[in-house]
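See below for the structure under consideration.
The values are calculated or read from the model by the stated rules, or taken from the named source; none is laboratory data. On a predicted model such as this, the values are computed, not experimentally measured, just so you know. Cβ placement follows ideal geometry from the backbone for every residue including glycine, while neighbour counts extend to all protein chains displayed.
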Amino acid sequence: EEGAPGRRGERERCEEPPVERGPGAAFHMFVLMEDLLDKLKLLSYEEEALRRHNMRPLSRHYFALPTNPGEQFFMFCTLAAWLISKAGRPFEQPQEYDDPNAVISNVLSELRSF
């Protein structure tokens, strides 16, 4: 039995202790959002993406806190479409009432083609 592959030794290796997260882990999403916002500002998202659609600038924690999922999803899709277009690919701007599954499918398929 000791020489049999896939037995006791393999099971012991798969059972890893839970990863301990530090005290700052709860705030990691806020740091990521601030980094994202800095990068969007470097790309002039306010002038190029938001003004075209009459949208307000993002707050430092816009995507880090779930406040209005429908609005946040539309903002995400708008920014994704703008970034894809900025990368040189033609991409149709999604409308607010488009099917969310279809919009995400289109974004993901375009990103896979990169």
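Of all residues in region 92-111 being within 15 Å of the chain's Cα centre (by Cα) and among the hydrophobic types (A, V, I, L, M, F, W, C), which is surrounded by the fewest Cβ atoms within 10 Å (Cβ to Cβ)?
Leu108
Given the criteria touching a Cys at 6+ places or on another chain (Cβ under 8 Å) and outside any helix (DSSP H, G or I), does Pro57 qualify?
Values: touching a Cys at 6+ places or on another chain (Cβ under 8 Å): no; outside any helix (DSSP H, G or I): yes.
It is false that Pro57 is touching a Cys at 6+ places or on another chain (Cβ under 8 Å) and outside any helix (DSSP H, G or I).
Give me the pairs: first residue in region 77-106 and within 19 Å of Tyr62 (Cβ to Cβ) and at pLDDT below 95, second residue in a helix (DSSP H, G or I) and among the acidic types (Asp, Glu), beta-carbon distance under 8 Å, and six or more apart or on different chains, which are they?
As it stands, the answer is Trp82/Glu48, since those pairs meet every condition given.
Check whether at least one residue in region 66-73 is touching a helix residue (DSSP H, G or I) at 6+ places or on another chain (Cβ under 9 Å), surrounded by 11 or more Cβ atoms within 10 Å (Cβ to Cβ) and modelled with pLDDT of 75 or more, and report yes or no.
Within region 66-73 (the criterion being touching a helix residue (DSSP H, G or I) at 6+ places or on another chain (Cβ under 9 Å), surrounded by 11 or more Cβ atoms within 10 Å (Cβ to Cβ) and modelled with pLDDT of 75 or more), the answer is yes, since at least one residue qualifies.
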